[in-house]
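Below: one structure, written as structure tokens.
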Amino acid sequence: MSIVGERIKKYREIAGWNQHKLAKALKKSGKAVISNWENGRNDPSLAELRMMAELFDTTVAQLVGEVPMFEEPREQYIMIKKDDLIDLQRKALELEADRINTLKEQLEQVQKGEESGDEPAS
């Protein structure tokens, strides 16, 4: 099954539609057309994707897998600008580098203490 087919099936199921109902809404001859899309045997045209996006209140980009599909419940997702995400990742990496440096310093102190014959304090 292709990602487009998987998405069509998922959105159809979320809407509570069967293949016959979707075929009828798209003015197709029968549910075999929808089945072929969902099983990856054929792909819908751009016009058909646009119609489905409108029917399912989504976007063509979500139907073709270019953007993540939001599963229910949507309250578990947040939207964040790419630049803000990059800043957060950069800060997390800096904090991790600081933590690693602190651990290295602690390890060096312990190793110096062992070399001088001192027992490390517990």
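Laboratory data are not the source of any read-out in this text; all were calculated from the coordinates shown. Computed from a predicted structure; not experimentally measured. With ideal geometry, Cβ positions are generated from the backbone for all residues, glycine too; neighbour counts draw on all protein chains shown.
Identify which of the listed values of Cα Rg over 2.2 N^0.38 Å was calculated from the structure shown: [x] 1.40; [y] 1.97; [z] 1.02.
It is the one labelled [y].
Can you sort Met51, Met79, Met69 by how many other beta carbons sit within 10 Å, fewest first?
Sorted ascending by nearby Cβ count, the order is Met79, Met69, Met51.
Run the reach check for Lys27 against lysines, Cα to Cα strictly under 21 Å, same-chain hits fewer than 8 apart removed. What comes back?
Leaving aside lysines fewer than 8 places away in the same chain, those within reach of Lys27 are Lys9, Lys10.
Report the calculated FRET efficiency for Lys21 and Ile80 (r = Cβ-Cβ distance, R0 = 30 Å), to the nearest 0.05.
0.25
List the relative contact order of the chain as a percent without decimals, with contacts defined as Cα pairs under 8 Å and 6+ residues apart.
Worked out over the chain, it gives 21 percent.
At a 10 Å Cβ-Cβ cut-off, how would you order Thr102, Thr59, fewest neighbours first?
Listed from fewest to most nearby Cβ atoms, that is Thr102, Thr59.
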